[in-house]
Amino acid sequence: MTIPWQPLADRILSALREQLGDDLVGAYVHGSAALGGFVPGHSDLDVLAVVSDVEGGATDGRDWTAVGAAVSAVGDERTPLELSVIRRSLAESPHDPWEFALHVTVSGGAHRDSRVVLDRGDGDPDLLLHLAVVRAVGIVLHGPAPAELLGEVDPDEVLAQLVDELTWGVENADEAYAVLNACRALRFAETGELVSKLAGGEWLLERRPEHEVVVRRALDAQRAGTRLEGTTMAGRALVQDVLDDLLWA
């Protein structure tokens, strides 16, 4: 069976190898492609790369802007891309402030837009969830198995980050994002499993029938790759129910 994101992943890996050489320790697909909820033409391809961080070595003096430009150049119109590059020390011992070397985002569509961001010292707390997902279900493009390289992320920190995402999503994202993230956050809290938005929504349908209409609407939109602008009162009620459970857990 053809994997829709594989050609892009192969090009990303080639660009990373060319730019980083032996400094590239590992590269992993995560997000919906690894969790099982990837929707071709809609879902991002999420990639985490790990590089060596020998003090004073070539990694610290690398031109990360050039690395980002090389990765951006291999993107395509169909699949949006999100790449993060972190150093081995963070991978092996996940911790605040979640420092990174490079973030690259490339939008899909006919008019591709790319963005290359270097860490200026603030880090990125989203890496907490990225590392947790990679360790649990990451797909190896290069390097050892995820659990051999990445340390365990504190489950309490994962849950706290999921709560933060719910609070942000209900005000800033579309309803499908907010609702389905709430579903998978509650599943993590109850089972310790990190799952896709689709799997989270299907799981909640069996447990919270009072929210069936809004969850099914979100699932349909996610599968079709369409946006539900804003979050309705029904969507907000579901998110609040989940937040109440998580905050009092």
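In the stretch 16-37, what residues are open to solvent by 10 Å² or more (accessible area, probe 1.4 Å), out of contact with any strand residue (DSSP E or B) (no Cβ under 8 Å at 6 or more places or on another chain) and either assigned to a strand (DSSP E or B) or not polar (S, T, N, Q) (or both)?
Glu18, Gly21, Asp22, Leu35, Gly36
Test Val215 against the criterion of being crowded, with 21+ Cβ neighbours inside 10 Å, out of contact with any Ser or Thr (no Cβ under 8 Å at 6 or more places or on another chain) and not in a helix (DSSP H, G or I), and give yes or no. Spell out the reasoning first.
Values: crowded, with 21+ Cβ neighbours inside 10 Å: yes; out of contact with any Ser or Thr (no Cβ under 8 Å at 6 or more places or on another chain): yes; not in a helix (DSSP H, G or I): no.
Spelling it out, it is not the case that Val215 is crowded, with 21+ Cβ neighbours inside 10 Å, out of contact with any Ser or Thr (no Cβ under 8 Å at 6 or more places or on another chain) and not in a helix (DSSP H, G or I).
Select from the stretch 99-154 the residues that are under 18 Å from Ala9 (Cβ atoms) and in a loop (DSSP other than H, G, I, E, B) and list them in ascending order.
Ser107, Gly108, Arg112, Gly138, Gly143, Pro144, Ala145
Does the stretch 142-195 hold any residues that are open to solvent by 10 Å² or more (accessible area, probe 1.4 Å), of a type in the set (S, T, N, Q) and within 17 Å of His130 (Cβ to Cβ), and which are they?
Residue satisfying the conditions is Gln161 alone.
Can you name the condition, by its number, that Leu8 falls short on among (1) closer than 30 Å to Ala218 by Cα; (2) not in a helix (DSSP H, G or I)?
Unmet condition: (2).
Condition check ((1) on the phi < 0 side of the Ramachandran plot; (2) among the basic types (Lys, Arg); (3) crowded, with 19+ Cβ neighbours inside 10 Å) across all residues:
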| position | (1), (2), (3) |
| --- | --- |
| Pro94 | yes, no, yes |
| Glu99 | yes, no, no |
| Arg115 | yes, yes, no |
| Val137 | yes, no, yes |
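Would you tally the residues in the stretch 218-239 being within 17 Å of Val170 (Cβ to Cβ), open to solvent by 90 Å² or more (accessible area, probe 1.4 Å) and in a helix (DSSP H, G or I)?
Selection size over the stretch 218-239: 1.
The values are calculated or read from the model by the stated rules, or taken from the named source; none is laboratory data. Just so you know, these numbers come straight off a predicted model, no measurement behind them. So basically every Cβ, Gly included, is an ideal-geometry build from the backbone, and we count neighbours across all protein chains shown. Each accessible area value is taken on the protein alone, full model and side chains, heavy atoms only, with ligands, DNA and RNA left out. Shrake-Rupley method; radii C 1.70, N 1.55, O 1.52, S 1.80 Å.
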